[in-house]
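Heads up, the thing below is written out as structure tokens.
Read-outs throughout are calculated quantities, based only on the coordinates presented, and are distinct from any laboratory measurement. Remember, it's a predicted structure, so these values are computed and weren't measured experimentally. Ideal geometry is used to build each Cβ from the backbone, glycine not excepted, and the neighbour counts take in all protein chains shown.
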Amino acid sequence: MDTAVCRNEDRYFRTLVKMMQSQAYRELAAVQAFGYGLSLVPDLRNLEYFVWQVHEEVEHYKAVARMYIDFTGESIEPAVHERLASRPVPFAQSYYELAMAQFLYDRGGYWQLREYQESSYLPYRRIVEEIIEDESGHQTHGEQLVLQLTKTGEYESEKQEHFERWLKQGLLSFGRPNSEGAKYAIRVGLRKRDPAVVMQDYLNDIKSTAAQCGLVVPSLAAIGIDAPSSVEPAVSGAKSAKAELHGAIGFYEV
Ligand SMILES: [Fe+2]
Ligand SMILES: [Fe+2]
């Protein structure tokens, strides 16, 4: 095998390692964030749902961990815990914020994993199908909850701040737009499209619910998301006074 091919294969390997570590990190972050959030859930029916979600996030984490060990021969856990320690996931502080996290963070996972449905690494294709279905259920539950809670009128003063915080976390699911890593991943069939395009789909997808809730989709720059100007907020962009206060767990890699 010539040196160029070896180098390319090495890059393919390293890219997959990064993708798996990033996904595992976000799955474990979901376990922790929604596990923490159980103390905020006020009724049995929703408690049951959130407990089920935590269980599913553990299963997602396990599926990626198993794929990683088959691929590398090593445990994914040290890398994931190290990353979580350096970039801890924000925890919702109210039930309303928890609903917003479920709506926007899980929807980010849903859109990101759709990019892997035709992965040139076949084990990835196999695991994403089931995870996508679960994430679809999670974000739909969160969306309905946000709509229902917003209608009560009790969250007017805080709704925009929570929306922006979790919108940012959702957008970080897609990776850095136009990066060399993303271009390579597309070229070798590890993802379908550039993160910028996926961001736009995600923004279009939340548009109607945001409008129904009287939420303003900020410009991406205002919430600290580095994206090309071609990516437009679904509703005309507004400046976010609170953007600098929002913690971020960092762009998904690749
Ligand atoms: Fe998940
Ligand atoms: Fe989820």
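Count charges around Tyr96 for me, please; just the other residues with Cβ under 11 Å from its Cβ, Lys/Arg as +1, Asp/Glu as -1.
-4
Suppose the Debye formula is applied to equal point scatterers at every Cα of the range 1-152; what is log10 I(q)/I(0) at q = 0.08 Å⁻¹?
Normalising to I(0) and taking log10 leaves -0.26.
Can you flag which of Lys183/Lys207; Lys62/Lys183; Lys18/Lys62 are past 18 Å Cα-Cα?
Going by Cα-Cα distance, Lys183/Lys207; Lys62/Lys183 fall outside the 18 Å limit.
Scaled to the compact-protein estimate 2.2 N^0.38 Å, what is the alpha-carbon radius of gyration of the range 84-207, rounded to two decimal places?
1.14
List the residue ranges in the chain for DSSP H helices whose C-alpha atoms run 24 angstrom or more along the long axis and whose Kyte-Doolittle average is 1.6 or above.
none
Would you mind putting 17-30, 188-201, 148-161 in packing order, based on average other-beta-carbon counts within 10 Å, highest first?
17-30, 188-201, 148-161
As a test of the formula, what do you get for the chain when each DSSP H run with n ≥ 4 contributes -39,500 (n - 2.57) and the sum is divided by the residue count, at 222 nm and rounded to the nearest 500 deg cm²/dmol?
Computed ellipticity for the chain at 222 nm equals -22000 deg cm²/dmol.
Extension gain His55-Glu74, at 0.36 nm per residue separation less the Cα-Cα distance, in nm?
My answer for the length gained is 4.4 nm.
Tell me, in nm to one decimal, what length is gained between Ser120 and Ser230 on full extension, where the rule is 0.36 nm per residue of separation less the Cα-Cα distance?
Working it through step by step, the gained length comes to 36.8 nm.
Mind computing the radius of gyration and Dmax over the alpha-carbon atoms of the chain? Å is fine for both.
Just the Cα atoms of the chain yield Rg and Dmax of 18.1, 66 Å.
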